Amino acid sequence: MDALANSQQAYREAVERLSLIAPDLAKAFPLPSDLIGEQFPKQPAEHPKKASAKSPRGSGRVFQRGGQFWISYYAPKDGKSVEHREPGGATEKDARKKLKSRLEEIIVARRGGQRFQGPRQERITVDELLQNLEQDYTIHGRKSLPQLRSHLRHIRNFFAMDRALAVTAERLRDYIASRQAEQAQAATINRELEGLRRAFALAVEAQTLVAIPTFPSLPEENARQGFFERADFQAVLDHLRDSDVKDFCDWFYRTGMRPGEIRALTWDTLDRETWTLRLHARDAKTRRGRVIALAGEVRTIIERRVQARRLDCALIFHRGGKPFGDFSKAWKRACREVGVAGKLIYDLRRTAVRNMVRAGVDPAVAMKISGHRTRNVFERYNIINEDDIRQAVLKTDAYVETLPKMTPIISLRAGSAG
């Protein structure tokens, strides 16, 4: 038995002894037969004429079928070593290059690394990833599914039937350039890419893909600045002709709750004894329920809704007994009539946050009312205008005026003269 055979036998016995002590650790060490021939270099034959041309076991093989070269190798599948065959390329060189790549993947998998995927991941398309992402949103009942589908519409149009492995950082930069040419804002592009990145992350979690490509991100400088001053909002409210729409907007203005959450409020969420209203977690965008104490004007709004309550409708905010739909036409008409055309309904949410902060409400409490989950997003809604800055300057000026204008320091010369 030559030196190579002795070393292989000693290695095999060491692995077997290790498997008796630590089986999981032993799995990370492949048997000599599983290693690529390069790891145990073949010794020169003493008799070249009798040397065999057969490839070492575990190194796979290349063969030709018709006008194409194929590769064959054994790889782990469901706990077993199974033969895999796939096209290798038009030339033998291409086939051997692909075979080498596959064998390297197998070694990584057998040493406890990434699961071997082989040709399966090369067949997966971007559209399949997006379908799986939408299915995940549906299973978990995420209310942001409509927004996700809107963001993915441009992703689908651009990548069409691209293979998932073809999505590289360069390809993603091409997408950004394409969307910028369409005048899309940076925040919009980022939201679209976030959806695609989530689709890749799900595929890696399911071990369908091995890795996630590097996703570029754009700086966002287009935070919305819309908000209402009290007089402007009251004027718009007075010009809304539908009392149901008026109550909806007034509640929105005072609580900052999301429109979808307002639409979901039902009478079983109202406690008339404590005058509190509870938003269920299933109806909250953040999946976190919260309680709002009804006092002042918000209680007055609910009392008006009690008067408008209908036995055939469980919703607190309804429109003629039917769920609230889109009322943007009525909103835009009222804004035009009072000279504030272009104001958005969602500006009421930003205004509510700003009003609570100006009133001295603790940000943590304000976030519980508005339903903001993170402080960063909350701060984006706390918009400061010129009047806020002017008041800050005046307060600073008033403070400076209270400071002493004369120095209390006594001259050393004057002290020595005394």
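The values are calculated or read from the model by the stated rules, or taken from the named source; none is laboratory data. These numbers come from a predicted model, not from an experiment. Here Cβ is always computed from backbone atoms with ideal geometry, including for glycine, and neighbour counts include all displayed protein chains.
Scanning the stretch 153-204 for residues that are farther than 20 Å from Asp136 by Cβ and charged (D, E, K, R) yields Asp162, Arg163, Glu170, Arg171, Arg173, Asp174, Arg179, Glu182. For the criterion of being under 21 Å from Asp238 (Cβ atoms), over 33 Å from the mean Cα position of the chain (by Cα) and either modelled with pLDDT under 90 or assigned by TED's automatic domain parsing to the domain that holds Glu303 (or both), Cys335 passes.
The set of residues in the stretch 266-279 being modelled with pLDDT under 90 and within 31 Å of the chain's Cα centre (by Cα) consists of Thr269, Leu277, Arg278, Leu279. Within the stretch 305-339, the set of residues being free of Cβ contacts under 8 Å to residues at least 60 places away in the same chain, surrounded by 15 or more Cβ atoms within 10 Å (Cβ to Cβ) and part of a loop (DSSP other than H, G, I, E, B) comprises Cys313, Ile316.
Scanning the stretch 340-370 for residues that are assigned to a loop (DSSP other than H, G, I, E, B) and among the hydrophobic types (A, V, I, L, M, F, W, C) gives Val340, Ala341, Leu344, Ile345, Ala359, Val361. If you go through the stretch 177-188 and keep only what is closer than 20 Å to Leu145 by Cβ and not polar (S, T, N, Q), you end up with just Ala187.
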